[in-house]
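Please read the structure below before turning to the comments.
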Amino acid sequence: MVPLGTFGNSNLTLIRHDYKRACYRAMLSEFPIEDVKEFFNFIPLILDGREYKGKKLYQLLWKEKAKIPIAYDVSTDNRFERFILSKGRKVPEVLGKILWLNNKSSVLPGKILLTWFYPKLESLFNSIDTRDMVFALITLNHETWFPGAIHRRIRKREEGEWVKSIMAFILDPGFREYLDWDLELFGKPQVLAAPVMIGLPAFERFTMLSDCRPASGIIWEAEDVPVVDGEFFRIRGEEAGRRVSFLDFCRRMEVADELARFNPPDIEVIEMTVDYHCPKRERIVLHKGCAYGAPLFLHLIEHRKLSVHKRDVLGNIVADLVREEELQNDDLELKHLALLESISERNVFEFHESDESITLNGAYFTRGIPARILTALLQSWLETGKTEFEYSEFKRRFEISLGQKNSNFEVRFYRLIDKLRQECKAITIEKTGRGKFRLVVDGVLELKDG
């Protein structure tokens, strides 16, 4: 089992980008533009073998529908808390801005939730405990959002007016890699708020029982670097946890039988015997009784039974369907456009017929057939927005080859690609198939006649 993003398919597994989109909007709302760029430029987004950066990255983060690799989503989350604290801000304040849809209960648009939840909605009206049905919605939501993942309730126990439910979250059912992610920081607010989507009170309590992250990697303070001494996990010489078998831990938690169907590996974990409080984060980051370095996440949700059936359970989602049509027309869009403007370099090309040359921002760029190819490409892109081309479209055009029988078109075409790569980052030419290529533009272009 290896950390997510190191090996395996984590860079290939795509998920909806709604959480990162909500994070981008929250950052626009709370921070100066330069801080937003600092955060998102730190970790590259690689999608379909191409790096999204600059204007292209922020356009993807802003758009309503897009997909990103799980590895990118998790990597940016893992940097989030340190970054927010470095700017002198409180993490809960900024996290509160991320849950912004469906009465501040979700990052997913109501129209998406409605399509996902539709098969389960009827049972909402048949449940004795209305909030109990929300567990089915959590499973449906997360297993649709994270393709191939498992997030299910494995044990339910009633104690008087309280219902105590243990949920298991497994990113990779084959246990080849694990999710090196702070589920408590990012998942807890979403899980607790899940009932709010359908107009019910939030769940009361959320407790971590096992965490995929190694305990040592969670500690920031240099003086608190832990030492494993035999069976003991020590911080500053004092016992803080013990090395135990994960399956033994599960037996004591009385969930071993329920987890058996998933066949988790019996690896060694650190079970904390005391809480560890991080002074920088101002919160407990290692919890007494929680097993760290586990092959899966376990968390306990506690809620009081609600016997009163609320009417209009879809009110928040339906209201959101209307609100979503107006989401772009706000101050955030102005900040988004200002951010794009701040990184948009203007590239002015000018073609000079007299010597068959083309200049870039007043300086010589290239001449001859490469100049004519580039001019034709830019004309087509600027006039029609076309990005997909075939070599044959240019090879046979008289105004490009000027009737030369042996124009060495391919040699000159690849010379143009190299020239753009070296001197104009705003334009990229990518091969897409036999005799085909794509024009990728990331910036502001202008074409003039000299």
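Within segment 427-436, does at least one residue satisfy the condition of being open to solvent by 20 Å² or more (accessible area, probe 1.4 Å), at pLDDT 80 or above, in a helix (DSSP H, G or I) and closer than 26 Å to Arg346 by Cα? No, segment 427-436 contains no residue that is open to solvent by 20 Å² or more (accessible area, probe 1.4 Å), at pLDDT 80 or above, in a helix (DSSP H, G or I) and closer than 26 Å to Arg346 by Cα.
A quick yes/no check of all residues on (1) in a helix (DSSP H, G or I); (2) open to solvent by 30 Å² or more (accessible area, probe 1.4 Å):
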| position | (1), (2) |
| --- | --- |
| Leu140 | yes, yes |
| Lys156 | no, yes |
| Phe186 | yes, no |
| Ser216 | yes, yes |
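The set of residues from segment 188-214 being in a strand (DSSP E or B) and open to solvent by 30 Å² or more (accessible area, probe 1.4 Å) comprises Arg205, Thr207.
Within the set Val2, Val36, the sole residue that is modelled with pLDDT under 85 and of a type in the set (A, V, I, L, M) turns out to be Val2.
Within segment 407-420, is even one residue part of a loop (DSSP other than H, G, I, E, B) and of a type in the set (Lys, Arg)? No, segment 407-420 contains no residue that is part of a loop (DSSP other than H, G, I, E, B) and of a type in the set (Lys, Arg). The residues listed here are Glu64, Glu81, Glu51; of these, the one that is over 19 Å from Phe186 (Cα atoms), in contact (Cβ under 8 Å) with a residue 24 or more places away in the chain and acidic (Asp, Glu) is Glu64.
Within segment 14-60, can you find the residues that are in a loop (DSSP other than H, G, I, E, B) and either under 18 Å from Ala426 (Cα atoms) or open to solvent by less than 30 Å² (accessible area, probe 1.4 Å) (or both)? Scanning segment 14-60 gives His17, Phe31, Pro44, Gly49, Lys53, Gly54. If you go through segment 218-244 and keep only what is crowded, with 18+ Cβ neighbours inside 10 Å and either in contact (Cβ under 8 Å) with a residue 60 or more places away in the chain or within 24 Å of His151 (Cα to Cα) (or both), you end up with just Ile219. Would you call Glu223 more than 25 Å from the chain's Cα centre (by Cα) and outside any strand (DSSP E or B)? Judged against the criteria, Glu223 is a match. You will find that of Asp449, Asp418, the residue that is modelled with pLDDT of 85 or more, surrounded by fewer than 16 Cβ atoms within 10 Å (Cβ to Cβ) and not basic (Lys, Arg) is Asp418 and no other. Filtered by the rule that a residue be loosely packed, with under 12 Cβ neighbours inside 10 Å and over 30 Å from Lys37 (Cα atoms), segment 337-362 gives Glu353, Ser354, Asp355.
Can you say whether Arg283 is without any contact (Cβ under 8 Å) to a residue 60 or more places away in the chain, under 22 Å from Asp182 (Cα atoms) and open to solvent by less than 60 Å² (accessible area, probe 1.4 Å), as far as the supplied structure shows? Here the answer is yes, as Arg283 does meet what is asked. Out of all the residues in segment 284-303, which are farther than 15 Å from Val191 by Cα and part of a strand (DSSP E or B)? Ile284, Val285, Leu286, Ala291, Tyr292, listed by residue number. Among residues of segment 61-72 being part of a helix (DSSP H, G or I) and within 25 Å of Glu345 (Cβ to Cβ), the one that is most open to solvent (accessible area, probe 1.4 Å) is Trp62. Checking the stated criteria, Ser216 turns out not to satisfy the condition of being of a type in the set (S, T, N, Q) and within 21 Å of Glu254 (Cβ to Cβ).
Summed over segment 367-394, the residues that are farther than 18 Å from Arg438 by Cα and either basic (Lys, Arg) or touching a strand residue (DSSP E or B) at 6+ places or on another chain (Cβ under 6 Å) (or both) give a count of 1. Taking Leu259 as the residue in question, decide whether it is within 25 Å of the chain's Cα centre (by Cα), modelled with pLDDT of 85 or more, of a type in the set (A, V, I, L, M) and crowded, with 20+ Cβ neighbours inside 10 Å. No: the conditions fail for Leu259.
From Gly160, Gly174, Gly148, which residue is on the phi > 0 side of the Ramachandran plot, surrounded by fewer than 17 Cβ atoms within 10 Å (Cβ to Cβ) and free of Cβ contacts under 8 Å to residues at least 12 places away in the same chain? Unique residue meeting the criteria: Gly160.
The values are calculated or read from the model by the stated rules, or taken from the named source; none is laboratory data. Everything numeric in this text was worked out from a predicted model, so none of it was measured. Backbone-built Cβ (ideal geometry, glycine too); neighbour counts: all protein chains shown. Just the protein is used for accessible areas: all its heavy atoms, side chains included, with ligands, DNA and RNA removed. Shrake-Rupley method; radii C 1.70, N 1.55, O 1.52, S 1.80 Å.
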